[in-house]
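The values are calculated or read from the model by the stated rules, or taken from the named source; none is laboratory data. Everything quoted here is computed from the prediction, not taken from an experiment. So basically every Cβ, Gly included, is an ideal-geometry build from the backbone, and we count neighbours across all protein chains shown.
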Amino acid sequence: MRAQFVLSEIWIGLRRNATMTVALIVVMTISLLFLGGSLLVGKQVDHMKGYWYDKVEVTVYLCGETSSAGNCGGKEVTNDQRQQIGKDLAATPQVERVFYESKQQAYARFKEQFKDSPDLVANVTPDALPESYRVKLHDPKQFDVVASAFQDRPGVDTVQDLKKLLEPVFKVLDGVSFGVLLFSGIMLFAAILLIAIMIRVSTFSRRREIGIMRLVGASNLYIQLPFLLEGAIAGLVGGVLASGFLAVSKWFIVDQRLRQYIKFTTFIGWGDVFAVIPVMVLTGVLISLVASYLSLLRYLRV
Amino acid sequence: MIRLENVSKSYPTSTRPALDGVDVEIEKGEFVFLVGSSGSGKSTFLRLLLKEDTPSTGRVHVLGKDLARLSPWKVPALRRQIGCVFQDFRLLPNKTVTQNVAFALEVIGKPRGTIEKVVPEVLQLVGLEGKGGRMPDELSGGEQQRVAVARAFVNRPMLLIADEPTGNLDPTTSVGIMKLLDRINRTGTTVVMATHDAQIVDSMRRRVVELSQGKVVRDQSRGVYGYGA
């Protein structure tokens, strides 16, 4: 096998189909960029889950004067009820820790949370906020056990699960990730069709050479290799370009924008980007190779 | 060298078989003319030798191998021992004479040193010394066919197959090509040549196999083109 000969054949082939090669690289780049994007969104969801599930609490709100829940009966929780609930929560095996939050503490937290909206804070007094037990579970999935045990207790207004509140957010992000992946798949399909056309055109434009190669006994590999490598190179270039764009996007969108404005979660880091890049490049190269090979079987009878 | 045993070949598009029960044996070092009118099966005969096609029935042995049992990936190795020349030369128009001949060696992975040594030798053998840098369209038809012969012979094949190599050439030029093929035959290479050129067959006086409607109707050593000719 003479590398120089194969390389010059590849170069001739790529140059002869320059327009098509550029089209293939562009489509490859876009599809791989979206593939990488989808993987990164997925990783971001994992980050957020890790961050939030670590903090997830079940909040047992106690009845206040304004509570409308049935088992409050319009009355504020009594001291006995409050103490009993606290003891029982602590005794529940699924519970890891219990904190009590008074109206004053709730108000302090409220003020901190909404410090950007002074009008809202001004309209709320400590009495308007419910007191609560903040419960940390060993396993956040065990929420239902706690909820059913305390939901109907006298003095309990509602039991609220932070995880249930967050779930829709994660669902949306998972949906985004899937949508992007789907789009990437469609683009990859277009790339595969382009490869098929490219192989068809380049085998046609090189039919004389191929005919002579067959005649003088060149091995199948020798005949096919330039075509396979042409596709692989386009896939590789697409993968590298897409990786570059992905890194720039990560820097521009996450580091320059989101991280500045959104403080309540952690974000993907460069480690995540570098974990995704090999996947993109390999996908580009492998898809090109397989598509080229299948097209060759069809258009190049050896 | 070559043995066809009761070989028939039918194409799905034709009612009459292209070859019909052909038995031919060709020894090493022979020079054989394959004659017959158009459609008599000459081209099919040659295609079977290269395993470009497989017979419908019967066996084809080439260079000691039963082609029916030759696995597809061994076909290239077979073709490396067979040189081919065609009526239409089949040169690559964008390569020089030297590059055209070298191409045949490059694509079978010969080292560059070998190529640089044997290409000028074979160009000299076919009488094209000094024309290695020319493009095919700068050459006469006879010269182009010499390039094709050089390409077919550069790997020193055991067998040379020529499909009407003089079909596009004038009689004088044809004689030159035939002298060249004769010279190659004298080095021990078996030559099988399909032709319509009665003058050449009659002047060479070599073995003649005549095909008609896919059957061998004559097999004669030191033969002539046809009884009527």
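Being over 22 Å from B:Asp219 (Cα atoms), assigned by TED's automatic domain parsing to the domain that holds B:Thr166 and not small (Gly, Ala, Ser) holds for only one residue in B:Leu50, B:Leu70, B:Leu4, and it is B:Leu70. One residue stands out among those in region B:99-126 that are surrounded by fewer than 16 Cβ atoms within 10 Å (Cβ to Cβ) and either among the small types (Gly, Ala, Ser) or assigned to a loop (DSSP other than H, G, I, E, B) (or both): the one that is farthest from the other protein chains (Cβ to nearest Cβ), which is B:Gly113. Looking across region A:152-181, the residues that are touching a Phe, Trp or Tyr at 6+ places or on another chain (Cβ under 9 Å) and within 30 Å of A:Val237 (Cα to Cα) come down to A:Val180, A:Leu181. Just give me the residues in region A:193-209 being within 14 Å of another protein chain (Cβ to nearest Cβ), crowded, with 20+ Cβ neighbours inside 10 Å and assigned to a helix (DSSP H, G or I), in sequence order. Within region A:193-209, A:Glu209 is the sole residue that qualifies. For A:Pro154, indicate whether it is touching a Gly at 6+ places or on another chain (Cβ under 9 Å) and either closer than 22 Å to A:Phe264 by Cβ or not assigned by TED's automatic domain parsing to the domain that holds A:Lys43 (or both). Yes.
Conditions tested, residue by residue: (1) in contact with a strand residue (DSSP E or B) (Cβ under 7 Å, 6 or more places away or on another chain); (2) surrounded by 22 or more Cβ atoms within 10 Å (Cβ to Cβ).
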site	(1), (2)
B:Ile177	no, yes
B:Thr187	no, no
B:Ala194	yes, yes
B:Gln199	no, no
B:Asp202	no, no
B:Arg205	no, no
B:Gly214	yes, yes
B:Arg218	yes, no
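Taking (1) surrounded by fewer than 19 Cβ atoms within 10 Å (Cβ to Cβ); (2) modelled with pLDDT of 95 or more; (3) not basic (Lys, Arg) in turn, B:Ser71 satisfies each apart from (2). A single entry from A:Leu24, A:Leu40, A:Leu14 fulfils the requirement of being under 28 Å from A:Val172 (Cβ atoms) and hydrophobic (A, V, I, L, M, F, W, C): A:Leu40.
The lone criterion from (1) surrounded by 13 or more Cβ atoms within 10 Å (Cβ to Cβ); (2) over 30 Å from A:Val41 (Cα atoms) left unmet by A:Leu166 is number (2). Considering only residues in region B:133-157 that are in a loop (DSSP other than H, G, I, E, B) and within 12 Å of another protein chain (Cβ to nearest Cβ), the one that is farthest from B:Ala77 (Cα to Cα) turns out to be B:Val154.
Condition test on A:Tyr53, is it of a type in the set (Ser, Thr, Tyr), surrounded by 12 or more Cβ atoms within 10 Å (Cβ to Cβ) and closer than 30 Å to A:Asp272 by Cβ? Criteria met by A:Tyr53. Out of region B:72-89, which residues are outside any helix (DSSP H, G or I) and more than 7 Å from chain A (Cβ to nearest Cβ)? Matches in region B:72-89: B:Gln81, B:Ile82, B:Gly83, B:Val85, B:Phe86, B:Gln87, B:Asp88, B:Phe89. Pairing each residue of region A:1-16 that is within 11 Å of chain B (Cβ to nearest Cβ) with any residue that is outside any helix (DSSP H, G or I), provided the two are 6+ apart or on different chains, yields C-beta distances under 7 Å for A:Met1/B:Gly109; A:Arg2/B:Gly109. Condition (residue is assigned to a strand (DSSP E or B), touching a Pro at 6+ places or on another chain (Cβ under 8 Å) and within 14 Å of another protein chain (Cβ to nearest Cβ)) applied to region B:16-25: is it met by at least one residue? Checked region B:16-25: no residue is assigned to a strand (DSSP E or B), touching a Pro at 6+ places or on another chain (Cβ under 8 Å) and within 14 Å of another protein chain (Cβ to nearest Cβ).
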